[in-house]
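Chemist: The following block contains the structure, expressed as structure tokens.
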């Protein structure tokens, strides 16, 4: 029986690939290329934006907070440091009556729950009344100070307006006082940056340089004589 000869191209001829092998060979390579190969392949790296380098906080993803009062003029800052703006005034005028009412209500609760005389935890009713009424009066002063836009007086009144009600009134009154104080400090920093002043710095008298002594003052001598003396021959 005659055998059909198969053409051979020698040992150097590549073997024939099946259809599945050809499909796999045509797929793109999923291997990760080194940086040199990627740059040589056409510079597929994403360009770095200038903002990512020059902007502060770009690497951390957080922008550096700026002073909101840095754009104000010196005269405006000097007025804002002493006087409340509309938002601050509105918050303080609402907080004053609220703290006053809470002081009086909690005073009544303390009087009602006060143990009897000679029992543990008993407090003199006069002390409770004085503390509650005084705190309510100071809370009303918060409203008066805010009405006239006095920043320092408002912060001072808020600091003492909540003692009559304990933590229930101390926490909100101190929170508003701290908020006003933080805004005051930012204004002061902006003003110091514009005027070039350092907080707490005082003008010092000039001192003479080392190595140089100031000559003592010359004592005044007798007045010159007005009598003419002819020269001797």
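The values are calculated or read from the model by the stated rules, or taken from the named source; none is laboratory data. Just so we're clear, the structure is a prediction, and the values are computed from it rather than from any experiment. As a convention, Cβ positions derive from the backbone with ideal geometry for all residues, glycine included, and neighbour counts pool all protein chains shown.
Chemist: So, of the residues in the range 158-179 that are touching a residue at least 24 places away in the same chain (Cβ under 8 Å) and buried (at least 20 other Cβ atoms within 10 Å of the Cβ), which turns out to be nearest to residue 87 (Cα to Cα)?
Modeler: Among those residues, the one meeting the criterion is 176.
Chemist: Restricting attention to the range 73-84, and to residues there that are in contact (Cβ under 8 Å) with a residue 60 or more places away in the chain, out of contact with any strand residue (DSSP E or B) (no Cβ under 8 Å at 6 or more places or on another chain) and within 19 Å of residue 148 (Cβ to Cβ), which single residue is surrounded by the fewest Cβ atoms within 10 Å (Cβ to Cβ)?
Modeler: Result: 78.
Residue by residue, here is whether (1) buried (at least 16 other Cβ atoms within 10 Å of the Cβ); (2) modelled with pLDDT under 95; (3) in a helix (DSSP H, G or I); (4) in contact with a helix residue (DSSP H, G or I) (Cβ under 6 Å, 6 or more places away or on another chain) holds:
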position: 87; (1), (2), (3), (4): no, yes, yes, no
position: 100; (1), (2), (3), (4): yes, yes, yes, yes
position: 110; (1), (2), (3), (4): yes, yes, yes, yes
position: 123; (1), (2), (3), (4): no, yes, no, no
position: 136; (1), (2), (3), (4): yes, yes, yes, yes
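Chemist: Just to be sure I understand the filter: pairs with C-beta atoms under 6 Å, separated by 6 or more residues or on different chains, first member in the range 143-156 and on the phi < 0 side of the Ramachandran plot and modelled with pLDDT under 95, second member surrounded by 16 or more Cβ atoms within 10 Å (Cβ to Cβ) and assigned to a loop (DSSP other than H, G, I, E, B). Which pairs pass?
Modeler: Within 6 Å, the pairs are 151/84.
Chemist: Name every residue in the range 106-142 that is touching a residue at least 40 places away in the same chain (Cβ under 8 Å) and farther than 22 Å from residue 177 by Cα, in order of residue number.
Modeler: 107
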